[in-house]
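K.L.:
Below is the structure I would like to discuss, written out as structure tokens.
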Amino acid sequence: MKILLIGYGKMGKAIEAVAKSRSHEIAILDPVAGHHFDFKNSVDVAIEFTMPEAAPKNIRLCIDHGIPVLSGTTGWLKDKASVDSHCQHKNGTFFYASNFSLGVNLFFRLNEHLAKMMASFQGYDVSIDEVHHTQKKDAPSGTAITLAEGILKHLPFKKQWVNNETHTPSDLVIRSFREDPMPGTHTVTYHSAVDDVEIKHTAHSREGFAVGAVAVAEWLPGRKGVLGMNDFLTF
């Protein structure tokens with residue numbers, strides 16, 4: 001299978017290593033790094049990990065050329081509804097996940113299950129802490145936002161997430177920290193006067209994200225529509 005990598009930073013290089021270990025051919029598009037791609041050439045799927053300001057254009061470009069595309073770029077979700085609509089209009093294939101790690105997606109499910117349980121116990125307040133390397137530009141992380149959305153779905157006394165300390169009880173606080181070296185740690189804490197209940201995921205490297213992205217890329221060709229990890233994974 002031939003994979004187009006859009007973005008050749010640390011994540012792109014990790015994906016390249018995993019893809020080549022699974023005998024896939026790689027093409028690269030990253031003008032800043034000196035890698036160009038002619039869309040007249042044929043590829044089976046594109047994997048997009050770039051910057052928030054570039055992601056919507058990159059995804060639309062792939063859709064317009066009939067290339068199934070998956071993206072793990074975060075920080076651009078205000079434009080996602082428009083990109084989804086473009087994909088559906090073009091009968092294209094677009095897969096988005098805030099995190100491609102299998103462990104993180106198990107963590108997402110655990111987070112929602114715990115939120116359902118805690119809905120009956122309003123003596124607890126909940127918050128999210130996320131720690132990433134200093135090169136990560138967006139805050140909060142896409143993973144933290146997905147965790148927050150999972151909590152808001154099940155806790156009626158929380159109305160919105162905020163990325164700052166607040167004394168408004170209906171706000172779900174996400175605290176963002178940037179430290180090196182730190183591939184990514186996310187902690188959900190339910191705090192009460194008598195105890196804390198905490199769940200945590202720590203990534204040790206980018207390899208888990210890369211393996212998940214390549215696995216989705218192998219699965220994606222031949223499918224249509226706007227897709228996500230719930231379409232790919234069965235638990």
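The values are calculated or read from the model by the stated rules, or taken from the named source; none is laboratory data. This structure is a prediction, so every number in the text was calculated from the model and none was measured. Glycine gets a Cβ as well: all are built from the backbone with ideal geometry, and neighbour counts include every protein chain shown.
K.L.:
Looking for something among the aromatic types (F, W, Y) and in contact with a strand residue (DSSP E or B) (Cβ under 9 Å, 6 or more places away or on another chain) - is there at least one such residue anywhere in segment 1-21?
P.N.:
First pass over segment 1-21, keeping only residues among the aromatic types (F, W, Y): 8.
Imposing the further condition that a residue be in contact with a strand residue (DSSP E or B) (Cβ under 9 Å, 6 or more places away or on another chain) reduces the set to 8.
Yes, segment 1-21 contains at least one residue that is among the aromatic types (F, W, Y) and in contact with a strand residue (DSSP E or B) (Cβ under 9 Å, 6 or more places away or on another chain).
K.L.:
Let me ask you something else. Taking segment 87-108, which residues are surrounded by fewer than 18 Cβ atoms within 10 Å (Cβ to Cβ), touching a residue at least 40 places away in the same chain (Cβ under 8 Å) and touching a helix residue (DSSP H, G or I) at 6+ places or on another chain (Cβ under 7 Å)?
P.N.:
To start, the set of residues in segment 87-108 that are surrounded by fewer than 18 Cβ atoms within 10 Å (Cβ to Cβ) comprises 88-91, 102-103, 106.
Add one more test, that the residue is touching a residue at least 40 places away in the same chain (Cβ under 8 Å), and what stays is 88, 91, 102-103, 106.
L102, G103, listed by residue number.
K.L.:
Where residues in segment 87-113 are in a loop (DSSP other than H, G, I, E, B) and polar (S, T, N, Q), which of them is farthest from M51 (Cα to Cα)? If you could, list the steps in order and put the result at the bottom.
P.N.:
Let us first name the residues in segment 87-113 that are in a loop (DSSP other than H, G, I, E, B), namely 90-92, 97-101.
From what is left, the residues that are polar (S, T, N, Q) are 91, 98-99, 101.
Numbers: N91: 25, S98: 13, N99: 15, S101: 19 Å.
Residue satisfying both the conditions and the ranking: N91.
K.L.:
Which of the helices (runs of 4 or more DSSP H) contained wholly in segment 117-235 include at least 1 residues that are aromatic (F, W, Y)?
P.N.:
Helices (runs of 4 or more DSSP H) meeting the threshold: 207-219, 229-232.
K.L.:
Tell me, which residue of segment 109-131 that is buried (at least 18 other Cβ atoms within 10 Å of the Cβ), in contact with a helix residue (DSSP H, G or I) (Cβ under 9 Å, 6 or more places away or on another chain) and free of Cβ contacts under 8 Å to residues at least 60 places away in the same chain is nearest to I151 (Cα to Cα)?
P.N.:
Applying the filter and picking the extreme gives A115.
K.L.:
Does E165 satisfy the criteria of being within 24 Å of N230 (Cα to Cα) and either among the aromatic types (F, W, Y) or assigned by TED's automatic domain parsing to the domain that holds Y190 (or both)? Talk me through it step by step, then tell me what you get.
P.N.:
Details: within 24 Å of N230 (Cα to Cα): no; either among the aromatic types (F, W, Y) or assigned by TED's automatic domain parsing to the domain that holds Y190 (or both): yes.
Answer is no for this residue.
K.L.:
I'd like the full set of residues that are among the acidic types (D, E) and buried (at least 16 other Cβ atoms within 10 Å of the Cβ), limited to segment 155-214. Can you show your working first?
P.N.:
Of segment 155-214, the ones among the acidic types (D, E) are 165, 171, 179-180, 195-196, 198, 207.
Result: D171, single match.
K.L.:
So W219 fits all but one of (1) crowded, with 16+ Cβ neighbours inside 10 Å; (2) touching a residue at least 40 places away in the same chain (Cβ under 8 Å); (3) in the same structural domain as A55 (by TED's automatic domain parsing); (4) not small (G, A, S); what number is the exception?
P.N.:
Result: W219 fails condition (2) only.
K.L.:
If you check S120, S141, S170, S127, which single one turns out to be farther than 25 Å from Y96 by Cβ, modelled with pLDDT under 95 and among the polar types (S, T, N, Q)? Can you show your working first?
P.N.:
Working: S141 fails: farther than 25 Å from Y96 by Cβ; S170 fails: modelled with pLDDT under 95; S127 fails: modelled with pLDDT under 95.
Of S120, S141, S170, S127, the one residue that is farther than 25 Å from Y96 by Cβ, modelled with pLDDT under 95 and among the polar types (S, T, N, Q) is S120.
K.L.:
Name the pairs: first residue in segment 224-235 and at pLDDT 95 or above, second residue part of a loop (DSSP other than H, G, I, E, B) and surrounded by fewer than 18 Cβ atoms within 10 Å (Cβ to Cβ), Cβ to Cβ under 9 Å, at least 6 apart or on different chains?
P.N.:
Final answer for the pair search is K224/N91; G225/N91.
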